[in-house]
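The values are calculated or read from the model by the stated rules, or taken from the named source; none is laboratory data. These numbers come from a predicted model, not from an experiment. Cβ sites come from the backbone with ideal geometry, for glycine too, and all protein chains shown count toward neighbours.
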Amino acid sequence: MTILIVEKTEENVKLIAELLAEYYPMSELVHCQSIQESLAYLAMHEGVGLGFFEVELKDGLSFEIFQQINIVFPVVFMSAYDKYWSQAMPLNAIDYLRKPIEKTEIIRVLDKYETLRKHFLLNLKSPDYKTLPAKDRLIVKKGTNYYVLKTDEVGFIYTESRVVFLIDKTGERYIIEKNLSELELELPGRQFFRVNRKFIVSIDAIRSFKPSFKGKIALELMHLSKAEVSISQENAAQFRKWIEG
């Protein structure tokens with residue numbers, strides 16, 4: 001997926017890009033600083049999946065981009081002022097962030113985007129994703145070689161430094177060239193659970209779990225010697241329901 005950031009402030013670009021790298025490590029991030037630069041890019045490229053648009057750019061308001069080209073992807077608008085909200089919301093907006101931008105707000109928006117994206121994917125009538133069987137195998141990579149791995153051999157999948165890794169039940173580590181959002185939709189839901197934005201775990205990989213700080217749940221996974229994996233308070237109830245079958 002390509003994500004377009006239209007923003008003149010480098011500090012904001014860096015913050016957004018860092019969080020996008022965690023959510024979508026395999027995505028392509030494109031940065032434009034002006035209306036004209038954005039129009040030139042969009043005229044030559046298709047397939048943008050999400051946009052972060054600052055309203056006030058150095059050569060005008062980013063709304064002008066929508067007047068000159070048909071934007072079909074969802075957009076998060078950003079501004080220091082509330083006065084542009086009513087103009088922004090009809091233009092494919094899924095949110096409107098007030099500057100200075102906070103990390104927690106970007107995380108909230110990305111979670112919202114993921115919820116909406118999964119909703120529409122799962123409810124498409126053609127093809128009907130609800131009737132498609134879950135994948136029973138994945139293509140993984142180690143070195144220059146690719147391998148076929150059955151899903152019942154998978155322990156857990158996680159992202160680190162913009163790379164998605166898969167650990168099998170023997171502790172072997174592979175690279176998988178998909179992001180967690182895609183894998184979450186493809187893997188069998190009874191066997192796998194998205195515990196947070198960095199981890200998808202198989203029920204067979206969970207050694208134990210226990211209550212943690214502020215209603216969270218801490219997981220101990222096999223073949224993971226570092227810190228426990230944490231489930232947020234918001235996902236804790238869903239996790240308990242999943243693990244009980």
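Out of the residues in region 112-132 that are surrounded by fewer than 16 Cβ atoms within 10 Å (Cβ to Cβ) and closer than 19 Å to L4 by Cβ, state the one that is modelled with the highest pLDDT.
First, pick out the residues of region 112-132 that are surrounded by fewer than 16 Cβ atoms within 10 Å (Cβ to Cβ): 112, 115-116, 118-132.
Right, trim to closer than 19 Å to L4 by Cβ and you get 112, 116.
Numbers: K112: 89, L116: 84.
It comes out as K112.
Given the conditions (1) farther than 24 Å from L20 by Cα; (2) of a type in the set (A, V, I, L, M, F, W, C); (3) exposed (fewer than 12 other Cβ atoms within 10 Å of the Cβ); (4) modelled with pLDDT under 90, and given that V148 satisfies all but one, which numbered condition is not satisfied?
Status for V148: all satisfied but (4).
Does P74 satisfy the criteria of being of a type outside the set (F, W, Y) and touching a strand residue (DSSP E or B) at 6+ places or on another chain (Cβ under 9 Å)?
Values: of a type outside the set (F, W, Y): yes; touching a strand residue (DSSP E or B) at 6+ places or on another chain (Cβ under 9 Å): yes.
In short, yes.
Among the residues that make up region 154-168, is at least one of them out of contact with any helix residue (DSSP H, G or I) (no Cβ under 6 Å at 6 or more places or on another chain), surrounded by 15 or more Cβ atoms within 10 Å (Cβ to Cβ) and outside any strand (DSSP E or B)?
Looking through region 154-168, none of the residues is out of contact with any helix residue (DSSP H, G or I) (no Cβ under 6 Å at 6 or more places or on another chain), surrounded by 15 or more Cβ atoms within 10 Å (Cβ to Cβ) and outside any strand (DSSP E or B).
Need a quick list: strands (runs of 3 or more DSSP E) entirely within region 178-238 having at least 1 residues that are over 18 Å from the mean Cα position of the chain (by Cα), buried (at least 17 other Cβ atoms within 10 Å of the Cβ) and not β-branched (V, I, T).
On the way: elements: 192-196, 199-202, 206-211, 217-221, 229-231.
Passing ranges, in order: 199-202, 206-211, 217-221.
Can you run down the residue pairs with Cβ atoms below 8 Å, 6 or more apart or on separate chains, where the first is in region 19-39 and closer than 16 Å to Y158 by Cβ and the partner is among the acidic types (D, E)?
Taking only residues 6 or more apart or on different chains, the pairs are Y23/E114; M26/E177.
Among the residues of region 1-18, count how many are of a type in the set (A, V, I, L, M), under 10 Å from F52 (Cβ atoms) and touching a residue at least 40 places away in the same chain (Cβ under 8 Å). Before you say what the answer is, go through the steps one by one.
Taking region 1-18 and keeping what is of a type in the set (A, V, I, L, M), we get 1, 3-6, 13, 15-17.
Of the ones still in play, those that are also under 10 Å from F52 (Cβ atoms) are 3-6, 13, 16-17.
Still in the running and touching a residue at least 40 places away in the same chain (Cβ under 8 Å): 3-6, 16.
Of the residues in region 1-18, 5 are of a type in the set (A, V, I, L, M), under 10 Å from F52 (Cβ atoms) and touching a residue at least 40 places away in the same chain (Cβ under 8 Å).
Among strands (runs of 3 or more DSSP E) lying entirely in region 1-111, which contain 2 or more residues that are aliphatic (A, V, I, L, M) and crowded, with 18+ Cβ neighbours inside 10 Å? Full working, then the answer.
Numbers: elements: 2-6, 28-32, 48-54, 75-79, 93-98.
Strands (runs of 3 or more DSSP E) meeting the threshold: 2-6, 48-54, 75-79.
Quick one: which residue in V48, V30 is touching a Leu at 6+ places or on another chain (Cβ under 6 Å) and at pLDDT 95 or above?
On the way: V48 fails: at pLDDT 95 or above.
Matching residue, one of V48, V30: V30.
Select, from F156, F165, the only residue that is aromatic (F, W, Y) and in contact (Cβ under 8 Å) with a residue 60 or more places away in the chain. Outline the logic, then answer.
Working: F165 fails: in contact (Cβ under 8 Å) with a residue 60 or more places away in the chain.
None of the other options fit; the residue is F156.
Being of a type in the set (G, A, S) and in contact (Cβ under 8 Å) with a residue 12 or more places away in the chain: is that true of A237 here? Write out each step before concluding.
On the way: of a type in the set (G, A, S): yes; in contact (Cβ under 8 Å) with a residue 12 or more places away in the chain: no.
Spelling it out, it is not the case that A237 is of a type in the set (G, A, S) and in contact (Cβ under 8 Å) with a residue 12 or more places away in the chain.
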